[in-house]
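Have a look at the structure below before the remarks.
The values are calculated or read from the model by the stated rules, or taken from the named source; none is laboratory data. Computed from a predicted model, the values in this text were never measured in an experiment. Positions of Cβ are generated from backbone atoms using ideal geometry, with glycine treated the same way; all protein chains shown enter the neighbour counts. All accessible areas refer to the heavy atoms of the entire protein, side chains included, with ligands and DNA or RNA removed. Shrake-Rupley method; radii C 1.70, N 1.55, O 1.52, S 1.80 Å.
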Amino acid sequence: MLDMRRLRLLHELHLRGTLSAVAEALSYSPSSVSQQLAILERETGVELLQKSGRRVLLTPQGEVLALRAARLLDEMELAESELAASLDEVTGTVRVAVFQSAAHAVIPPALARVARDFPELRVEIVEREPDIGMFEVSARDFDLVIAEQYPGHTRVFRPELDREHLLTDVIRFAAPPEGSWSGVSLTDAATLPWVLEPKGTASRTWALQTCRAAGFEPDVRFETADLVAHMRLIRSGAAVGFLPDLVWAGGSADVTLMELEGSPHREVFSSARRSSAGRPGVLAVRGALRDTVASFGPSPLV
């Protein structure tokens, strides 16, 4: 009978690509991972790995077994979920990957709800960019990810993950609350300093496209993924930018916000592995997230 732990190592190699990445993810040494996979080869009686320069690649037989291992791991998670659902209390640990603005706005009140309703449930939060967080949920590093999707941008499709809508987050042009820029429109902002998120992010790509559609290239003086820093730079009169409503978490804005043509928005959603989405702990956290979002008041323009 094949050893499930070794099958998982093969699956991890298929997923992560290198022995060192597998070792780091599972807190093994690379030599230990290599030794265990060599044992798996002897158990199966076929070659599962082949060297390619300094890397190790899966043979066609290795690919077949790695895919089967993934399905076996899913079956094990389904069994664990069913067992947990049979208990009276919601216990265990749920690890959540979350992008920055959701970490500020949604997570604190959601955690308070979980602590009140499910005191035996431990929730761990780690900030991750959405694409990284979705990969890490797929790789079983996390149980749940809260991610965002900007207009015109799609994320890698992962059929092993589900998707649950949390909110539609309207994005607005933001200017200082007072001073000579307080009433400027987007088209008037062509010569003003801007704050945007880092290059390569979906939000940065969307912002550049929006500015170019308005007829100018933004003068980006400040670059940070921290939307709280965006808010403070704009409020102080140092820059203009784009801000989603979620940064106010249902409260009132302290900068000047203006609607953009077409009312663009990003979608905020959560994803879990389909094989573990029925775990009571995952269901409890998702319920707290939904209740938190539902408690937010009207838009900051109201």
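Some observations on this one:
- Subset tally (residues that are out of contact with any helix residue (DSSP H, G or I) (no Cβ under 8 Å at 6 or more places or on another chain) and part of a loop (DSSP other than H, G, I, E, B)) for region 91-125: 2
- Considering each residue of region 126-135 in turn, none proves to be assigned to a loop (DSSP other than H, G, I, E, B) and not charged (D, E, K, R).
- For region 198-222, a residue qualifies if it is more than 21 Å from Pro177 (Cα to Cα) and acidic (Asp, Glu), and exactly one does: Glu217.
- Taking the listed residues Leu283, Leu289, the one that is crowded, with 23+ Cβ neighbours inside 10 Å and in a helix (DSSP H, G or I) is Leu289, with no other qualifying.
- Among residues of region 22-49, those that are without any contact (Cβ under 8 Å) to a residue 40 or more places away in the chain and in contact with a helix residue (DSSP H, G or I) (Cβ under 8 Å, 6 or more places away or on another chain), counted: 17
- Screening Phe216, Phe222 for residues that are at pLDDT 95 or above and part of a loop (DSSP other than H, G, I, E, B) leaves exactly one candidate, Phe216.
- Test: residue in region 173-184 that is within 22 Å of Phe99 (Cα to Cα) and touching a helix residue (DSSP H, G or I) at 6+ places or on another chain (Cβ under 9 Å): yes
- Residue identified as polar (S, T, N, Q), under 22 Å from Arg128 (Cα atoms) and assigned to a strand (DSSP E or B) among Ser276, Ser271: Ser271
- Selection status of Glu41, in contact with a strand residue (DSSP E or B) (Cβ under 8 Å, 6 or more places away or on another chain) and either surrounded by 13 or more Cβ atoms within 10 Å (Cβ to Cβ) or assigned to a loop (DSSP other than H, G, I, E, B) (or both): yes
- Among the residues making up region 212-229, those that are within 12 Å of Val240 (Cβ to Cβ) and either in the same structural domain as Val98 (by the TED database) or open to solvent by 40 Å² or more (accessible area, probe 1.4 Å) (or both) are Asp219, Val220, Arg221, Phe222.
- Cβ-Cβ contacts under 8 Å between residues 6 or more apart (or on different chains), taken from a first residue in region 260-287 that is within 30 Å of Ser185 (Cβ to Cβ) to a second residue that is assigned to a loop (DSSP other than H, G, I, E, B) and open to solvent by 10 Å² or more (accessible area, probe 1.4 Å), are listed as Leu260/Leu186; Pro264/Pro151; His265/Pro151; Arg266/Tyr150; Arg266/Pro151.
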